[in-house]
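These notes are about the structure you will find just below.
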Amino acid sequence: MNEKQWKVSKESLVIGQAMTAGVLLEISCEPSPGLVSPNSMGAHKDMNIISFLLSSAAIAPYFSIFAEMGLNCKIDSQLLENIRPLGIEAEKEFLNLTNQVNTQRGILFLGGIVAAAAGYATKTGERNMSRISEKVAVICKGIIEKELVLMNANKKKTHGENLYIKYGLTGIRGEVEKGLPSVREIGYPVFKNAVSNGMGINDAMVHTLLHLFSHVEDTTVASRVGIEGLKKCREASQEVLEKGGMQSNEGRRAALELDRYFIKQNISPGGCADLLAVTVGIYLMEGHSLKPESIIG
């Protein structure tokens, strides 16, 4: 972080802590098919739980600063561009700790926008899923046209840009411009209901991941295994849910099998992992607490 002195309010600290908790909890849950977890590298060979913890430590302070920028925002259309330089700085810091391995560029982008939106929502009223969704859409209005539709044809393309050209997938840009529909309509209600019905935090997160896997057009998956591989990923995840997901012994066994299948097929649904982290982060931003039995059980 540069030498500029940031004065961060208590509200922004709360938002940053909630987003960081969402990131750390997502990394910690298992089985998380194809993803890095405490006992698995998932479908990766260059990262593990240690590299994720290091990068999480690097980006954690920035979430509170993004929230403060949202809290102090005067022109909403400028907020995204205002937080980008700080995001680039945070990316450099975590890459220095991971030997240049990209562990968390996705959640830095998505979580940074959500933290800024939460700060923006806080200054004008209640901070909740609905208002954060609304503010994310306001902040990111026009991002698809600007960064995908009108992209420079001669520039070196990212995986996400190539997938838009080839398949029309808008990925995380589509999520933020539309106000996080996968979180608002799938992740958040599934997670909240699971916790409300007594499911432990780990199982609630895995259950939510399965729902996200089965619905989201995850560009991280598509970049690895193509559109047909993405389709198989969603179908296989739906089959686990049809067996009960984390609500039944059969579903639990199927989730473990899905993990082995994803690793074998080189499937790592990193986009869904980021959506889960944001889901949990927003849940905590609303003021919900985790029950003791969820933490130690």
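Please order Met19, Met151, Met199, Met205 by the number of other Cβ within 10 Å, starting at the fewest. Please report the intermediate quantities before stating the final value.
On the way: Met19 31, Met151 15, Met199 20, Met205 28.
Ordered from fewest to most neighbouring Cβ atoms within 10 Å, Met19, Met151, Met199, Met205 come out as Met151, Met199, Met205, Met19.
With no solvent and one equal point scatterer per Cα, compute the Debye intensity ratio I(q)/I(0) for the stretch 215-297 at 0.25, 0.27 Å⁻¹ and report its log10, rounded to two decimals.
So the normalised log intensities work out to -1.16, -1.20.
Please rank Thr122, Thr220, Thr158, fewest neighbouring Cβ atoms within 10 Å first, as an exposure proxy.
On the way: Thr122 22, Thr220 25, Thr158 15.
Ascending Cβ contact count within 10 Å gives the list Thr158, Thr122, Thr220.
With unit charges on the beta carbons (Lys and Arg positive, Asp and Glu negative) and the dipole taken about the Cα centre of the chain, which residue among Ile83, His44, Leu110 sits farthest to the positive side?
Ile83
Using θ = phi - 60° and the Karplus relation 6.51 cos²θ - 1.76 cosθ + 1.60, list the HN-Hα couplings for the stretch 71-83 in order, rounded to whole Hz, with x at every Gly or Pro.
Values, residue by residue: 4, 9, 5, 10, 10, 4, 5, 9, 5, 4, 5, 5, 8 Hz.
So what is the relative contact order of the stretch 71-152, in percent, for Cα pairs below 8 Å that sit 6 or more residues apart?
Numbers: 47 pairs, mean separation 32.2, N = 82.
Relative contact order of the stretch 71-152: 39 percent.
Provide, in order from the shortest bin, the percent of all Cα-Cα pairs of the chain in each 10 Å bin, continuing until the bin that contains the maximum pair distance.
7, 29, 37, 22, 4, 0
Restricting to DSSP H runs of at least four residues, report the calculated mean residue ellipticity at 222 nm for the chain, -39500 (n - 2.57) per run over all residues, nearest 500 deg cm²/dmol. If you can, show how the numbers build up before the last one.
Details: 13 runs with 193 residues, N = 297.
Counting only the DSSP helices, I get -21000 deg cm²/dmol.
Mind checking the stretch 84-126 for GluC sites (Glu not before Pro) that DSSP puts in a loop (not H, G, I, E or B) and that have at most 13 other Cβ atoms within 10 Å? Write down the numbers at each step before the final one.
Details: sites: Glu89, Glu91, Glu93, Glu126; in loops: Glu126.
Qualifying residues, ordered by number: Glu126.
Would you mind calculating the gained length between Ile88 and Ser294 on full extension (0.36 nm times residue separation, minus the Cα-Cα distance), in nm to one decimal? Mind showing how you got there, number by number?
Working: separation 206, 0.36 × 206 = 74.16 nm, distance 3.53 nm.
Length gained, Ile88 through Ser294: 70.6 nm.
I need the trypsin sites (Lys or Arg not before Pro) found in the stretch 1-76, filtered to DSSP loop residues with at most 13 other beta carbons within 10 Å of theirs.
Details: sites: Lys4, Lys7, Lys10, Lys45, Lys74; in loops: Lys4, Lys7, Lys45, Lys74.
Here the sparse-neighbourhood loop sites are Lys4, Lys7, Lys45, Lys74.
For Thr98, Thr124, Thr279, Thr20, what ranking results if the residue with the fewest other Cβ atoms within 10 Å of its Cβ goes first? Working shown, then result.
Numbers: Thr98 18, Thr124 11, Thr279 30, Thr20 23.
Arranged by neighbour count, lowest to highest, Thr98, Thr124, Thr279, Thr20 become Thr124, Thr98, Thr20, Thr279.
Distance cut-off 21 Å, Cα to Cα: go down the list Lys146/Lys166; Lys232/Lys264; Lys10/Lys291; Lys156/Lys231; Lys192/Lys232; Lys178/Lys291 and report the pairs above it. Display every interim value, and only then the final one.
Working: Lys146/Lys166 18 Å; Lys232/Lys264 13 Å; Lys10/Lys291 23 Å; Lys156/Lys231 27 Å; Lys192/Lys232 27 Å; Lys178/Lys291 32 Å.
Listed pairs above 21 Å: Lys10/Lys291; Lys156/Lys231; Lys192/Lys232; Lys178/Lys291.
Within a Cβ distance under 11 Å of Ile139, other residues only, what is the Lys/Arg minus Asp/Glu net charge?
On the way: positive: Lys135, Lys141; negative: Asp76, Glu81, Glu134, Glu177.
Here the count lands on -2.
Taking the Cα centre as origin and putting +1 on Lys and Arg beta-carbons and -1 on Asp and Glu beta-carbons, what dipole magnitude results for the chain, to the nearest 20 debye? Mind showing how you got there, number by number?
Working: 32 positive and 32 negative charges, 88 e Å.
Magnitude of the dipole: close to 420 debye.
Once you list every other residue whose beta carbon is under 11 Å from the beta carbon of Ser55, what net charge do they have if Lys and Arg are +1 and Asp and Glu are -1?
Working: positive: Arg105; negative: Glu91, Glu93.
Every neighbour counted, the sum reads -1.
All of the numbers you see were taken from the coordinates with simple rules; none came from a lab. A quick note: this is a predicted structure, and the numbers were derived from the prediction, not measured. Methodologically, a virtual Cβ is constructed for each residue, glycine included, from the backbone with ideal geometry; neighbour enumeration extends over all protein chains shown.
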